[in-house]
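Contents: one structure, followed by commentary.
Since every read-out is calculated from the coordinates, none of them should be taken as a lab result. Note that the coordinates shown come from a computational prediction; the quantities given were computed from them, not determined experimentally. Cβ atoms come from the backbone with ideal geometry, glycine included; neighbour counts cover every protein chain shown.
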Amino acid sequence: MNSTNQHPFALPFPIQDNSLLIGGMTISQLANRVGQTPFYAYDRRLVSERVALLRSSLPKDIHLHFAVKSNPMPALVQHLAGLVDGFDVASTGELKTVLDTTMPPDKISFAGPGKTERELCQAAAAGIVVNVESEREIDLLAKIGFDMGIKPKVAVRINPDFELKSSGMKMGGGPKQFGIDAEIVPDLLVRMGALELDFYGFHIFSGSQNLRADSIIEAQEKTFDLARRMAAYAPGPIRLLNLGGGFGIPYFPGEHTLDLSRVAERLACLVFDARKEFPGAEFVVELGRYIVGEAGVYVCRVIDRKVSRGHVFLVADGGLHHHLSASGNFGQVIRKNYPVLVGNRVIVEETESASVVGPLCTPLDLLADKMLLGHARIGDFIAVLQSGAYGYTASPRDFLSHPQPVEILV
C-alpha cells in the first residue's frame, strides 16, 4: 500500500529502492551528504520545470516575478534569477539577497506595510521599484529623492474594493494594512504628479493560496478593471501592472491541483484587451509557493518509537520549530495533515496509524496526526512534502534552543 494514499495528488519526487529520490539521490544518501538531520532540500529540476510550465501556459505578454518571501534561500534565488523576469521582496534583507544576483534593479520591487525611512532610503538608492502603501511612504520617498538628487521609482499598491474568493490568505478587500484603499488612490495620484517621483504603475494583490480557477479569473478581471479606472488619474503612463498571484498548491486531503490552463486561457483574453489601453506596460504575475512549494521537502529522523495507550508516536528530531506550517500553527483554523511519509519506506505492505511528533515540550509539536504511514523504525526518515515555501524562514527556529536545520539546493 502506498503510504501517501490519504492525499490525492501525485508525488513530486520519483521513487528508487523504496526511497524518495531528491536531486538524484535517495533520502539516506542525501542525509549522509548533508551530514545531519533535520534539513530542507529543494530540487532545482522541479523548480525549473514549474517555471517552464508557467512559461508554456501563460500568455507570452506576462512577466513572471518570484515572491522572495516564500523562500529567500540565496542559492535558490540565484537559480531563479536566470529563470524569472523579476523579484518581489518584502524587506531589505531580501533586497540584499536579490541584489547579489544578475536581476536588473528596475525588475525588483519592494512591498510591505511597515517600511522604515532607512529601508525606503536603501530601496531608492538601489534603483528598485517601491510599492508605496501609505501617504507617509510617498512623502518620505519624495524627500529622500530630493536629498539624494534622484527620482525614486514608485508604484502604488492598491487595496482593492474586492477580494480573492476562497483564498488561503486574503490580502485585499475591506479594511487591510496592505496597500492604499482604492477610493482614496485617485486623489493621491493627482498629488503625486507634483512630486519628484518616477511613477511606474500599480500593484494589486488580492490574495494567495487559491486552488479555484474561477476565483483567480474573477479577481484578475476585476484587477484590470480597477487599473483602468485608476489610470485616468495617474501622473504618467502605466509601465507596470502587477496583477498579484494567488496560485495555490494542494496541501491537504480533499484538495486538488489548480487548473492552470483555465486561468491562462482567460488571462490571454484579458491581456489582449488591456494591451490596447496600456501599450507600454509590463503585466506581471507574482508567484511564490506555486513556483517552489512542491519542489521542497523537510526531512527529519525518527529518534524514538513510543506506544501510549495503544497509539503509536514516532518521535523525530525535527518539529514545529523548523516547520511551523506543517504543525498546523501557521494559520490553519482546523489542523490538517501535510503529506507526510516515511521517506525510506515509501511503498510498503505493512502500514500503521501513527503520529509524528517533535522533541519540543509542547503538544503543539505535531507533524502528522494519526496518519497511515509505513511501519517506521528508529533511524528511519520522515519526509514532509510540499515544503518548499514558508517553511524554514517562517518557523520559530530558536524555540527551546534546539539545533538549527540545514537548507540545500540539489
Give the order of 144, 138 when sorted by the count of other beta carbons within 10 angstrom, beginning with the fewest.
144, 138
With charges set only on the Cβ (+1 for Lys and Arg, -1 for Asp and Glu), what does the dipole of the chain come to about its Cα centre, in debye to the nearest 20?
460 debye
The chain, relative contact order [Cα under 8 Å, separation at least 6], %
21 percent
If you take the square roots of the eigenvalues of the alpha-carbon gyration tensor of the stretch 371-410 and sort them as a ≥ b ≥ c, do you get rounded (a/c under 1.5), prolate (a/b over b/c) or oblate?
prolate
Tilt of helix 44-57 relative to the longest C-alpha principal axis of the chain, in degrees (0 to 90, nearest 10)?
50 degrees
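Output the relative contact order of the stretch 304-363, whole-number percent, from Cα pairs under 8 angstrom with separation of 6+ residues.
On the way: 56 pairs, mean separation 26.0, N = 60.
With pairs under 8 Å counted, the relative contact order is 43 percent.
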So what's the angle, to the nearest 10 degrees on a 0 to 90 scale, between helix 135-148 and the longest Cα principal axis of the chain?
70 degrees
In the stretch 104-287, lysine pairs with alpha-carbon atoms under 16 angstrom apart (chain gap of 8 or more, or interchain)
9
Can you show me the helix-derived [θ] at 222 nm for the chain, built from DSSP H runs with n ≥ 4 at -39,500 (n - 2.57) apiece and divided by the number of residues, rounded to the nearest 500.
-8500 deg cm²/dmol
Top mean-square fluctuation among 142, 383, 232, Gaussian network model of the chain, C-alpha springs under 10 Å?
232
Can you tell me the orientation of helix 213-231 relative to the chain, as the angle in degrees between its alpha-carbon axis and the longest Cα principal axis, to the nearest 10?
20 degrees
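According to the square roots a ≥ b ≥ c of the eigenvalues of the Cα gyration tensor, what is the shape class of the stretch 104-287, taking rounded for a/c under 1.5, prolate for a/b larger than b/c otherwise, and oblate for the remainder?
prolate
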Between residue 233 and residue 336, what is the label-to-label distance in nm when each label sits 7 Å out along the Cα-to-Cβ direction?
3.9 nm
Charge dipole of the chain built from unit charges on the beta carbon (Lys, Arg +1; Asp, Glu -1), centred at mean Cα; most positive-end Cα among 376, 211, 142 is 376
Counting other beta carbons within 10 Å of each residue's own, what order do 282, 137 fall into, fewest first?
282, 137
Quick one: order 130, 333 by neighbouring beta-carbon count within 10 Å, fewest to most.
333, 130
At what distance in angstrom do the alpha carbon centres of the stretch 93-122 and the stretch 232-250 lie from each other?
18 Å
Taking +1 at the Cβ of each Lys and Arg and -1 at the Cβ of each Asp and Glu, which of 237, 404, 129 sits farthest along the dipole of the chain towards its positive end, judged by Cα position relative to the Cα centre?
404
By the C-alpha gyration tensor axes a ≥ b ≥ c (rounded if a/c is under 1.5, else prolate when a/b exceeds b/c, else oblate), the shape of the stretch 281-357 is prolate
